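Following: one structure in C-alpha cells, then a few remarks.
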Amino acid sequence: MATKKVISAGTGRRKTACARVTLAQGDGKWTVNNVALEEYITSEALRDYLKQPIAISGFDASAVDVIAYAKGGGCSGQAGAIRHGLARALVAADANLRAALKKAGCMTRDSRMKERKKPGQPGARKRFQFSKR
C-alpha cells in the first residue's frame with residue numbers, strides 16, 4: 001500500500017493529554033490511535049468540538065485525512081488536545097488561517113490543570129471538619 005503524502009502536522013495539549021495530529025492527502029477519514037473517530041470519541045458534542053478548526057477555517061475536509069495519536073488524560077482532555085493540534089496543523093498548512101483560528105480560541109492551549117492535594121487535608125481545597133470542642 002502506498003504511503004499518504006503528509007500536508008502538515010501539529011501538536012496539541014490540554015490538561016494531561018497530548019495529541020499529535022497529521023493532515024495527509026486522502027478522502028476525509030478521521031482516525032484517532034488507529035481507530036475511527038466515531039468509535040474512539042463516542043460523544044457527539046466532543047466530536048463537534050474537536051472539528052471546530054476545520055469548520056472555522058473553511059478548509060476542504062473531504063480532501064484530507066486527519067490522523068491523530070492521543071495519550072494521557074481522559075476523553076475530554078484528548079478531544080481538546082486534538083482540537084489544539086488540528087488548529088496548529090492547519091496553520092502550518094496555510095498561515096493565513098491563523099487570525100481566524102486565534103480569534104475563535106483554537107490556537108490557545110487550555111492550561112487549566114487539576115490542583116494538587118495539600119498535606120494535612122483530604123483534597124485540594126476540602127478541609128477536615130472543624131471541631132470547636
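Since every read-out is calculated from the coordinates, none of them should be taken as a lab result. All values reported here derive from a predicted model rather than from experimental measurement. We place every Cβ from the backbone using ideal geometry, glycine too, and count neighbours over all the protein chains shown.
Values for this structure:
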| item | result |
| --- | --- |
| Check: the chain dipole with +1 on Lys, Arg Cβ and -1 on Asp, Glu Cβ, in debye | 1480 debye |
| Amide H within-cut-off set for G26, under 5 Å, with H built and near neighbours excluded | V64, D65 |
| Mean-position separation - Cα centroids, segment 1-33 and segment 55-92, in angstrom | 7 Å |
| Under-22-angstrom lysine pairs by C-alpha in the chain, whenever the two are 8 or more apart or on separate chains | 21 |
| Packing-based exposure ordering (other Cβ within 10 Å, fewest first) of F59, F128 | F128, F59 |
| Cut-off under 5 Å, modelled amide H: who pairs with R14 long-range | A81 |
| Label assignment, P(r) over Cα pairs in 5 Å bins from 0, in percent derived from the structure, set (1) 2, 9, 17, 21, 21, 17, 10, 4, 0; (2) 2, 10, 20, 22, 18, 13, 9, 5, 1, 0; (3) 2, 10, 19, 21, 16, 10, 5, 5, 4, 3, 2, 1, 1, 0, 0, 0 | (3) |
| Total charge dipole magnitude, segment 11-78, about the Cα centre, Cβ charges on Lys, Arg, Asp, Glu only, Debye to nearest 20 | 460 debye |
| Proxy reagent accessibility, fewest Cβ within 10 Å first, across T3, T42, T11, T31 | T3, T42, T11, T31 |
